[in-house]
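The next block holds one structure in the form of structure tokens; read it before the comments.
Coordinate-derived values only; no laboratory data. Bear in mind that the values here come from a model prediction, so they are computed numbers and not experimental data. Cβ: placed from backbone, ideal geometry, glycine included. Neighbour counts: every protein chain shown.
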Amino acid sequence: MICIIIDGYNLIRRSRTLSAVEALDFERGRLALIQRLANYKKLKNHAITVVFDAARTDNLSVEEDRISGIRILYSEMGQTADAVIIDLARKLKDQAIVVSSDNEILRAAQSAGCAILQAEEFERKLNAVGAYSGTPLQETNRDRPDENRPLNKRWITQKKGPSKRLPKAKRRAMARLKDL
């Protein structure tokens, strides 16, 4: 089973809608993120862990909570959420996808064998499945050409053979990302 580890405040602050909610009320920003992740979990059924920074609090250990099936971790006093995310990535290795736009976290997660995803890209995936806005899925317009498909079939330059293959770890990471 895929486990998605999310840098909570990083995703909130990279999102226009969530950052607007957080600007009004700090707690409502976190709850809005958790609600949208719960909607996503209903559709995709991945294990989701959100890590929030609580370094300036008096937490003596990492606190854990669960809301709507989403695992929520708050770092302990003096520890950043980055450190908690990196520890989780090292434990889960190739079973995890780390979502953040923090380069330090992404490098550490990738070196641990995790698949990585920028916060903005994950937000687009949430929007694509309709879980982010809470609206039903939109039908695609069949008259418009697919953006991922070349306009002319002669432009396809797919090479075959093992010499053009990505390394096994990269192929596995890409396969995990396709499930999102």
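Applied to segment 93-110, the Karplus parametrisation 6.51 cos²θ - 1.76 cosθ + 1.60 on θ = phi - 60° returns per-residue 3J(HN,Hα) values of 6, 7, 8, 10, 10, 9, 10, 6, 10, 7, 4, 4, 5, 5, 5, 5, 5, 5 Hz, with x for Gly and Pro. Going from the fewest other Cβ atoms within 10 Å to the most, the residues PHE122, PHE52 appear in the order PHE52, PHE122. Amide H contacts of THR57: GLY78, each under 5 Å away and 5 or more positions distant or on a separate chain (H built 1.01 Å from N in the peptide plane; Pro and chain starts excluded).
Distances between placed amide hydrogens fall under 5 Å for ILE116 paired with VAL98, all partners being 5 or more residues away or on another chain.
With N counted as the residues of segment 1-84, its alpha-carbon radius of gyration over 2.2 N^0.38 Å works out to 1.07.
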